[in-house]
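First comes the structure, then the notes that go with it.
The values are calculated or read from the model by the stated rules, or taken from the named source; none is laboratory data. Please read these numbers as outputs of a predicted model, since none were measured by experiment. When we count neighbours, we look across all protein chains shown, and the Cβ atoms used for this are built from the backbone with ideal geometry, even at glycine. Quick note on the areas: whole protein, heavy atoms, side chains included, nothing else; ligands and nucleic acids left out. Shrake-Rupley method; radii C 1.70, N 1.55, O 1.52, S 1.80 Å.
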Amino acid sequence: MFKWQESAWSTWIRLGDRLPHAILIQSGEGWGELEFGQAAGQSLLCEKPEVGRRACGACQACVWFALGNHPDFRLIVPESLAQESEEGAEPGKKRSDQIRIDQVRDLADFLAVGTHRAGLRVILIYPAEAMNANTQNALLKSLEEPPPATVFLLVATQPDRLLPTVRSRCLKFALPLPDPDEVVPWLKEQGIERPESALAAVGGAPLAALKGAASESDRRAFMESLRRPRFDLVALAESVQRVPLPDFVGWLQRWSFDLQLAQATGRVRYHVGHEKLVGEIALRCDAAGIAAYLRRLAQARALARHPLNARLFVEDLLLQYQRLVERP
């Protein structure tokens, strides 16, 4: 758990003994949501919790948890997030970004027996929206008729993609946007140059800023190209081929949002220090056109992990942007 999550943890421990059987932890992506969920899960299993219900890290339950083999804990994630060493993960094979229905069905045996340590049993699912409708329906029976001493922790960054029936059976617990005053020093410790700009560029998500540092030069080069209305579309599409499509769409979303914000208020949210440039480009755009393009990007974000043709996917979004900024 991170320092910027202290206030959220204070709210968490107030649940105390009134802990429901299913909790939906809602968060922005890259806020440390998985780490919070793991800390919460470990604290529920810890046999000698410290002040503030924090896991002690030393009892047998905590040792097992740290090793990833606690008998009363299950972590359900897509194959793409699993470690290569995990059973069923084949090195070199493209791994699914979805939580498979078999992963949920396999919980039946785990839930059918009593707990091993005479305490709680915890199932952590992340990201919960990686379950399709069939997988969510398979989970629904356990949420409707939960076994005793069982807690489900569903961590989601896009909770609206969960079925209403799933959401209605969970207590909603929202993680607040991390405080920049607590995040910036942490980013400096991680060796991030210009942490304020890095954090602003990803909308205040600390782990996204850390991850984005590896591709920061690519992002800056891409933004530099967008300032020219008649950029070479094919060449620009080629230059971002190694950038993960969700990241590429995110770049365009944040850039377009700033165009909209600059047009309306003269300010920017993500591209701090480039207010003049963004404002000049925004003047060339139609307000309705920016709004329509943002809606198109929202649709593209949902398809970014599984496009039929990645190259055409990129070129189509760039072509639509070019038409937007070429307005006389």
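Observations
- Residue check, Leu245 of a type in the set (A, V, I, L, M) and farther than 17 Å from Phe313 by Cβ: no
- Cβ pairs under 7 Å, 6+ apart, first in the stretch 289-303 and touching a residue at least 40 places away in the same chain (Cβ under 8 Å), second β-branched (Val, Ile, Thr): Leu297/Val249; Ala300/Val249; Arg301/Val249
- Some residue of the stretch 298-320 being over 16 Å from Pro246 (Cβ atoms) and aromatic (Phe, Trp, Tyr): no
- Output for the stretch 288-328, where each listed residue is farther than 27 Å from Ala198 by Cβ, of a type outside the set (A, V, I, L, M) and part of a loop (DSSP other than H, G, I, E, B): His306, Pro307, Asn309, Glu326, Arg327, Pro328
- With a requirement of 3 or more residues that are under 20 Å from the mean Cα position of the chain (by Cα) and either closer than 23 Å to Arg161 by Cα or at pLDDT 95 or above (or both), the helices (runs of 4 or more DSSP H) lying completely within the stretch 1-117 that satisfy it span 6-13, 33-45.
- Filtering the stretch 245-271 to residues that are surrounded by 13 or more Cβ atoms within 10 Å (Cβ to Cβ), without any contact (Cβ under 8 Å) to a residue 12 or more places away in the chain and out of contact with any His (no Cβ under 9 Å at 6 or more places or on another chain) leaves only Leu261.
- Qualifying positions in the stretch 172-199 - open to solvent by less than 20 Å² (accessible area, probe 1.4 Å), of a type in the set (A, V, I, L, M) and in contact (Cβ under 8 Å) with a residue 60 or more places away in the chain: Leu175, Val183
- Counting the residues of the stretch 238-263 that are small (Gly, Ala, Ser) and modelled with pLDDT of 95 or more gives 2.
- Taking every residue in the stretch 215-242 that is under 14 Å from Val325 (Cα atoms) and pairing it with any residue that is aromatic (Phe, Trp, Tyr), at least 6 positions away or on another chain, the pairs with Cβ-Cβ distances below 6 Å are Ser225/Phe231.
- The stretch 21-62 - residue that is within 22 Å of Ala128 (Cβ to Cβ) and free of Cβ contacts under 8 Å to residues at least 60 places away in the same chain and, of those, most open to solvent (accessible area, probe 1.4 Å): Glu35
- Across the stretch 156-198, the qualifying residues are those that are in contact with an Asp or Glu (Cβ under 7 Å, 6 or more places away or on another chain) and charged (D, E, K, R), and the one among them that is modelled with the highest pLDDT is Arg169.
- The set of residues in the stretch 286-328 that are open to solvent by 40 Å² or more (accessible area, probe 1.4 Å), closer than 22 Å to Glu129 by Cα and modelled with pLDDT of 95 or more comprises Arg295, Arg296.
- Meets criteria (open to solvent by 80 Å² or more (accessible area, probe 1.4 Å), without any contact (Cβ under 8 Å) to a residue 24 or more places away in the chain and more than 27 Å from the chain's Cα centre (by Cα)) for Glu280: yes
- Filter result (surrounded by fewer than 22 Cβ atoms within 10 Å (Cβ to Cβ), in contact with a strand residue (DSSP E or B) (Cβ under 8 Å, 6 or more places away or on another chain) and without any contact (Cβ under 8 Å) to a residue 40 or more places away in the chain) within the stretch 136-151: Ser142, Pro147, Ala149
Table: residues versus (1) within 23 Å of Ser27 (Cα to Cα); (2) under 19 Å from the mean Cα position of the chain (by Cα); (3) among the hydrophobic types (A, V, I, L, M, F, W, C).
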residue	(1), (2), (3)
Val122	yes, no, yes
Glu129	yes, yes, no
Asn134	no, no, no
Leu140	yes, no, yes
Pro146	no, no, no
Asp160	yes, yes, no
Thr165	yes, no, no
